[in-house]
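**Q** Just dropping this structure here.
The values are calculated or read from the model by the stated rules, or taken from the named source; none is laboratory data. Just so you know, these numbers come straight off a predicted model, no measurement behind them. Cβ: placed from backbone, ideal geometry, glycine included. Neighbour counts: every protein chain shown. For accessibility, only protein heavy atoms count, side chains too; no ligands or nucleic acids. Shrake-Rupley method; radii C 1.70, N 1.55, O 1.52, S 1.80 Å.
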Amino acid sequence: MSYVGIVYLNNVKSASVMSRLSKKSPSVCTDMPLDNTDICSKLQLLKQILTSCFGPTGRLKQVHNNIGGHVVTTSASSVLLSSVSSSQSFINLIKTSILNHVSRFSDCGLFAAILCLSLIEQIKKSALRESVAIRVNNYLLALCTSYLQREDSGCRVKLDFCSTQNLITLARSVICSKPACVLTEPETLHISKLAVQAFLLTVPCSSPGLLVEMPDGLSEEDNFLNPLSVVLFSASLAGDISELGDGVIEAHPDVDTDSQILGQLLELGRQVINDEVKLFVCQKVIHPVLQQYLRSHGVIVVERLGIALMEPLTQLTGAQPVATLHTTIPPKTYGKVRDLCIKHFGSKTMLHLLPLGESAICTMILCHRNQTMLNELKVVCQTAEHVLRLTLREPFALVGGGCTETHLAAYVRHKSKSEVPETASVLMCSQTEYLLGVELFCCALESAAGALEHDGGSSLIDLTHAHRWMLPADAIKETMEDSLGFCGCGLVQSSPSKKWTYLNTKYSDFCPSPVFRDTRVQPHVLDSFTAKLSALQVAIETANLALDVKYIIQDMN
């Protein structure tokens, strides 16, 4: 027999919950997870899935739960990793680390995951001890980070906000990296320009505002005294008992729960009307009776706003989201808008909210040929906006197309061999172990660069600037120079004097020369400096964490 506390709507009481005792299953302990065949095969599969999605020509993935449900088509790490589940906690450890990076920086999730998994794979195939590999990796990570932040770094491009060219290139590099958007070249450029325009209008602006779904019962003939007072709810106002919290609820038989909840909702409505609120917004659903009551008193009601617009609306109005319907609304939670008007975009009608003062809010409306393409376009445009915003903190970009990875690999190989005895001594390893660790680190970087190729071609590195080049599968060796054209980022053009070698092959170490910038030649592909630097750190640190795990204890209950 189970016992639950009785929960009353006005006076909540709880009691301890007792459940039938059952025999607990013993926990499962896995020692040395990277020596476990099942775990290693799943890591390899995850790496293959993510590698095949990487870059503009990456392959799409359809994720479908085995018990049915929505089919997700994507190549974006944020969507893909969130949709894929694993019973292996070791896999989930790596996945969670990458997703945490993506949640903070939006971009370079696939790069981080591929580099992390490549480094783990390289080290496990070698005879290098995990403890030594971790120390070498940390040392080389610091070397890379220091080099990328230097003024004379051969990978870094300074962004000039007086010109939008590099900003458009940065946005375009994000947008064209996701083939599920299915955009033509003119469409990609158009969306990129719109993304940059929307970004620049928020740094800061005086005219743009926020567009929300057109509420029912509002017409262009309606007039309102300005400014309008606003209240914003993050809690559901649908009147469902389930909104009161988790657990089993047993109500007193004499209590009409529906009437009590509706009474509280209407009391809420009376308060906002008395406080002269003219715009009532809820992130979730509003009970139809409350909606009708508010509209009958001249209040504009907007429901189902969604979590994505909560922060922009808070910034625009100054309102503080109310998280409960069980207390009186404090006056300080109200916000204001200067005015509102109705906008038409094709068949879509939107309500345009204008800020009381200067605002940093701008709305970008997207449309596409079907819902799958639109969903992917939303993701990449949000990523592009976030990447552009990161440039306000650090106005730099990194050369893209795999050139940063190959350049870094060449730099690390050259730099690390200049003081081998001293560095090996500091890292408490032999010189052979140190040099092996360097080679594995560089091979992982080059593997991440090579993962951009999916059509049977070959990835090369030039022996001057150490940029990545792509040789098509049908190229003839005698005409290789003509086939190469420009490097991956577009800054370096092939010439008879240049020499190349295939990626992940042995070559004599050299110090890669910086590209002397001709202002007429601009990079075609740029990566976010802030996001990629973080992705590099997350990849190495996550790989080190995985290498350091000796036991996994999993509760099976």
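**Q** When you go through Ser78, Ser85 one by one, which is the residue that is free of Cβ contacts under 8 Å to residues at least 60 places away in the same chain and of a type in the set (Gly, Ala, Ser)?
**A** Criteria check complete, one pass: Ser85.
**Q** Looking at this structure, is Thr542 under 30 Å from Pro33 (Cβ atoms), within 23 Å of the chain's Cα centre (by Cα) and modelled with pLDDT of 95 or more?
**A** yes
**Q** Restricting attention to the range 130-165, report how many residues are of a type outside the set (A, V, I, L, M, F, W, C), outside any helix (DSSP H, G or I) and over 27 Å from the mean Cα position of the chain (by Cα).
**A** Count: 2.
**Q** Before we move on, is Thr406 of a type in the set (Ser, Thr, Tyr) and either out of contact with any Pro (no Cβ under 9 Å at 6 or more places or on another chain) or open to solvent by less than 30 Å² (accessible area, probe 1.4 Å) (or both)? First the steps, then the outcome.
**A** Values: of a type in the set (Ser, Thr, Tyr): yes; either out of contact with any Pro (no Cβ under 9 Å at 6 or more places or on another chain) or open to solvent by less than 30 Å² (accessible area, probe 1.4 Å) (or both): yes.
Criteria met by Thr406.
**Q** Moving on to the next point. Could you list, in sequence order, all residues of the range 250-286 that are assigned to a helix (DSSP H, G or I), aliphatic (A, V, I, L, M) and modelled with pLDDT under 90?
**A** Listed by number, the residues that qualify are Ile261, Leu262.
**Q** Condition (residue is farther than 21 Å from Asp548 by Cβ, of a type in the set (S, T, N, Q) and modelled with pLDDT of 95 or more) applied to the range 131-148: is it met by at least one residue? Please lay out each step first, then the result.
**A** Applying the first criterion (farther than 21 Å from Asp548 by Cβ) to the range 131-148 yields 146-148.
Still in the list and also of a type in the set (S, T, N, Q): 146.
When the remaining residues are screened for being modelled with pLDDT of 95 or more, the result is 146.
Checking the range 131-148: at least one residue is farther than 21 Å from Asp548 by Cβ, of a type in the set (S, T, N, Q) and modelled with pLDDT of 95 or more.
**Q** On the given criteria, is Asp107 more than 14 Å from Ser534 (Cβ to Cβ), part of a loop (DSSP other than H, G, I, E, B), touching a residue at least 24 places away in the same chain (Cβ under 8 Å) and acidic (Asp, Glu)? Lay out the reasoning, then the answer.
**A** Details: more than 14 Å from Ser534 (Cβ to Cβ): no; part of a loop (DSSP other than H, G, I, E, B): yes; touching a residue at least 24 places away in the same chain (Cβ under 8 Å): yes; acidic (Asp, Glu): yes.
It is false that Asp107 is more than 14 Å from Ser534 (Cβ to Cβ), part of a loop (DSSP other than H, G, I, E, B), touching a residue at least 24 places away in the same chain (Cβ under 8 Å) and acidic (Asp, Glu).
**Q** Take the residues in the range 510-547 that are in contact with a Ser or Thr (Cβ under 9 Å, 6 or more places away or on another chain) and open to solvent by 60 Å² or more (accessible area, probe 1.4 Å); name whichever of them is nearest to Gln493 (Cα to Cα).
**A** For the range 510-547, the residue satisfying everything is His524.
**Q** Can I ask one more? Restricted to the range 409-432, and to residues that are assigned to a loop (DSSP other than H, G, I, E, B) and hydroxyl-bearing (Ser, Thr, Tyr), which residue is surrounded by the fewest Cβ atoms within 10 Å (Cβ to Cβ)?
**A** It comes out as Ser418.
**Q** Hey, could you check the range 184-213 for residues that are within 21 Å of the chain's Cα centre (by Cα) and in contact (Cβ under 8 Å) with a residue 40 or more places away in the chain and say which is surrounded by the fewest Cβ atoms within 10 Å (Cβ to Cβ)?
**A** Selected residue: Leu194.
**Q** Determine, yes or no, whether His344 is modelled with pLDDT under 90, of a type outside the set (A, V, I, L, M, F, W, C), under 30 Å from Ser78 (Cβ atoms) and in a strand (DSSP E or B).
**A** No, not satisfied.
**Q** Which residues, counting only those in the range 269-311, are closer than 21 Å to Thr327 by Cβ, touching a Ser or Thr at 6+ places or on another chain (Cβ under 9 Å) and surrounded by 15 or more Cβ atoms within 10 Å (Cβ to Cβ)?
**A** Passing the criteria: Val272, Val277, Leu279, Val281, Cys282, Gln283, Lys284, Val285, Ile286, Met310.
**Q** Report yes if some residue within the range 457-469 is crowded, with 21+ Cβ neighbours inside 10 Å, under 17 Å from Leu115 (Cα atoms) and either in contact with a Gly (Cβ under 9 Å, 6 or more places away or on another chain) or touching a residue at least 24 places away in the same chain (Cβ under 8 Å) (or both); otherwise report no.
**A** Yes, the range 457-469 has at least one match.
Results for (1) out of contact with any Ser or Thr (no Cβ under 9 Å at 6 or more places or on another chain); (2) buried (at least 19 other Cβ atoms within 10 Å of the Cβ), shown as yes or no for each residue.
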residue	(1), (2)
Ile49	yes, no
Thr57	yes, no
Asn65	no, no
Ser83	no, no
Ser86	yes, no
Ile94	no, yes
Ala113	no, yes
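**Q** Continuing with this model, one more query. Quick one: is Val322 in contact with a helix residue (DSSP H, G or I) (Cβ under 7 Å, 6 or more places away or on another chain) and at pLDDT 90 or above? Walk me through how you get there before you give the answer.
**A** Details: in contact with a helix residue (DSSP H, G or I) (Cβ under 7 Å, 6 or more places away or on another chain): yes; at pLDDT 90 or above: yes.
Considered against the rule, which asks whether it is in contact with a helix residue (DSSP H, G or I) (Cβ under 7 Å, 6 or more places away or on another chain) and at pLDDT 90 or above, Val322 comes out as yes.
**Q** May I ask you to verify whether Ile168 is under 30 Å from Ser513 (Cα atoms) and either acidic (Asp, Glu) or under 24 Å from the mean Cα position of the chain (by Cα) (or both)?
**A** Yes: the conditions hold for Ile168.
**Q** Please determine, by comparing only the residues of the range 356-371 that are of a type outside the set (S, T, N, Q) and at pLDDT 85 or above, which one is most open to solvent (accessible area, probe 1.4 Å).
**A** Arg369
**Q** Whether any residue in the range 114-129 is modelled with pLDDT under 95, touching a Lys or Arg at 6+ places or on another chain (Cβ under 9 Å), within 29 Å of Glu439 (Cβ to Cβ) and not in a helix (DSSP H, G or I) is what I want to check.
**A** The answer is no; no qualifying residue exists.
**Q** Further question: Would you say His386 is open to solvent by 10 Å² or more (accessible area, probe 1.4 Å), of a type outside the set (D, E, K, R) and closer than 19 Å to Cys176 by Cβ? Talk me through it step by step, then tell me what you get.
**A** Numbers: open to solvent by 10 Å² or more (accessible area, probe 1.4 Å): yes; of a type outside the set (D, E, K, R): yes; closer than 19 Å to Cys176 by Cβ: yes.
In short, yes.
**Q** Give Leu398, Leu445 a once-over and let me know the one that is modelled with pLDDT of 95 or more, crowded, with 21+ Cβ neighbours inside 10 Å and not in a helix (DSSP H, G or I). Don't jump to the end; show me each part of the working.
**A** Working: Leu445 fails: not in a helix (DSSP H, G or I).
Leu398 is the lone residue from the list that is modelled with pLDDT of 95 or more, crowded, with 21+ Cβ neighbours inside 10 Å and not in a helix (DSSP H, G or I).
**Q** Would you check which residues across the range 144-159 are open to solvent by less than 30 Å² (accessible area, probe 1.4 Å) and farther than 21 Å from Arg393 by Cβ and list them? Spell out the reasoning first.
**A** The first filter runs over the range 144-159 and keeps only residues open to solvent by less than 30 Å² (accessible area, probe 1.4 Å), leaving 144-145, 147-148, 153-155, 157, 159.
Result: Gly154, single match.
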